[in-house]
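Student: Below is a structure I'd like to ask you about.
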Amino acid sequence: MDWTDKKLQLRFCVSDVRFFTMSFAGLAHRCHGVPGANGIPSIARKSFPPGVEVISIRDCPISAPMPRLQFGDGLLRYTINQCLQYSIHMGGTFEEYLATLSSKTRSTLKRKVKKFAEANGGALDCRVYSTPEQMPEFHRLARAVAVETYQEKLFDGAIPADEEFRNQLVKLAAEDRVRAFLLFLHGEPVSYLYLPVEAGVLEYSHLGYKPAASDLSAGTVLLYLALEKLFSEKRFHKFDFSYGQNQTKEVFCTDKSLRADIHYFRRTIKNLLGVSAHAATDAFSAACGRMMERIGLRQRIRKLLRSV
């Protein structure tokens, strides 16, 4: 396996509200759908490198749900994000991809794209950003959209504003490892999409749109147009929607499978307390989320925040 230095951040959230984050110095490997986490990885079984608190295997295919917490060989294994993962197979052409979708879905998507074009005077203005010189402009315009999104207002989940992230954008672009898109309406950005690239896989990282453009399905239109451009490059083999289920992923995906993130921690008091607290908070949050969905409260909160 190829390992990269990567901090693990455990976010303590209840529903969509984040309270604080715990960070752990670590090493990470991402499977990208390729099996590779059967048992404890040898790097953890032998000994942790100095300064490393956790060794993570992300996006790991699993055949069945795994225990959340488990002890073995002096390690604490913490398995999270066990859920269906959605993706798009990007072999072939955009037209061939569309043919894999239902006729109703194709018709709905094309209707939304046409409606947006009509609202913009009959034209579509979707711009792609991929070079180091383009990234500062993309970030500035994307942040202008992000500050109005419910992700930003509710749980700080929009595209980051900090300098470290801006520098990372430029670095990835210099390595040709990022694609970013903006959708404009009457010359103003209304939706952004940020996709880092790893090993030919596009990672669905951040998508946001202005509440005022929600009636025009700005996020859906941007994703449709971005996919059209990405297929034309003929260099990517997968579009990874990452974890979580929503209608957009269901509509656009061609594949879905059970995945998990598996973390091996040093067995210390600090790690045991931190991981146990996170597991308890996550379980409570999931219960709250299910209750809010049942009574329709989550949608009402998001609608309220979009109108603020």
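Throughout, read-outs are computed from the coordinates displayed, never taken from laboratory work. Note that the structure is predicted; figures quoted are calculated from it, not measured. In this analysis, Cβ positions are derived from the backbone assuming ideal geometry, glycine residues included, and neighbour counts consider all displayed protein chains.
Student: Divide by every residue of the chain the summed helix terms, -39500 (n - 2.57) for each DSSP H run of at least 4, and state the resulting mean residue ellipticity at 222 nm, rounded to the nearest 500 deg cm²/dmol.
Tutor: -12000 deg cm²/dmol
Student: Moving to a separate point now. Which pairs in the list LYS110/LYS249; LYS6/LYS171; LYS112/LYS229; LYS104/LYS249; LYS104/LYS234; LYS7/LYS238 are over 19 Å apart, alpha-carbon to alpha-carbon?
Tutor: Table pairs above 19 Å Cα-Cα are LYS104/LYS234; LYS7/LYS238.
Student: Please grab the % of Cα pairs in segment 91-236 that end up more than 23 Å from each other.
Tutor: 36
Student: Kindly put HIS206, HIS237, HIS263 in sequence by how many other C-beta atoms sit within 10 Å of each C-beta, fewest to most.
Tutor: Least to most surrounded, the residues fall as HIS237, HIS206, HIS263.
Student: What FRET efficiency do you get for TRP3 and PHE71 if R0 is 22 Å and r is their Cβ-Cβ distance, rounded to the nearest 0.05?
Tutor: According to the calculation, E is roughly 0.45.
Student: Assuming R0 = 51 Å, can you tell me the calculated FRET efficiency for the pair ALA212 and THR268, based on Cβ-Cβ distance, to the nearest 0.05?
Tutor: 0.55
Student: What do you get for the angle between helix 103-119 and the principal long axis of the chain? Use alpha-carbon atoms, 0 to 90 degrees, nearest ten.
Tutor: With both axes taken from Cα atoms, the answer is about 60 degrees.
Student: Order the peptides 62-70, 116-124 from the highest to the lowest mean number of other Cβ atoms within 10 Å of their residues.
Tutor: Sorting 62-70, 116-124 by mean packing, highest first, produces 116-124, 62-70.
Student: Can you work out the FRET efficiency for the pair ASP255 and LYS104, with r the C-beta to C-beta distance and R0 = 25 Å, to the nearest 0.05?
Tutor: 0.80
Student: Which parts of segment 210-237 would a label at THR248 reach, counting a residue when its backbone N lies under 15 Å from a point 7 Å out along Cα-to-Cβ?
Tutor: 210-228
Student: For the residue pair ARG18 and LYS229, what label-to-label distance in nm results when each label sits 7 Å from Cα along the Cα-to-beta-carbon direction?
Tutor: Using points 7 Å along Cα→Cβ, the separation is 2.6 nm.
Student: If packing is taken as the mean number of other Cβ atoms within 10 Å per residue, what is the order of 221-233, 71-83, highest first?
Tutor: Going by the mean number of other Cβ atoms within 10 Å, highest first, we get 221-233, 71-83.
Student: Could you list log10 I(q)/I(0) for the chain at q = 0.07, 0.09, 0.16 Å⁻¹, which the Debye formula gives when each Cα is one point scatterer?
Tutor: -0.30, -0.50, -1.54
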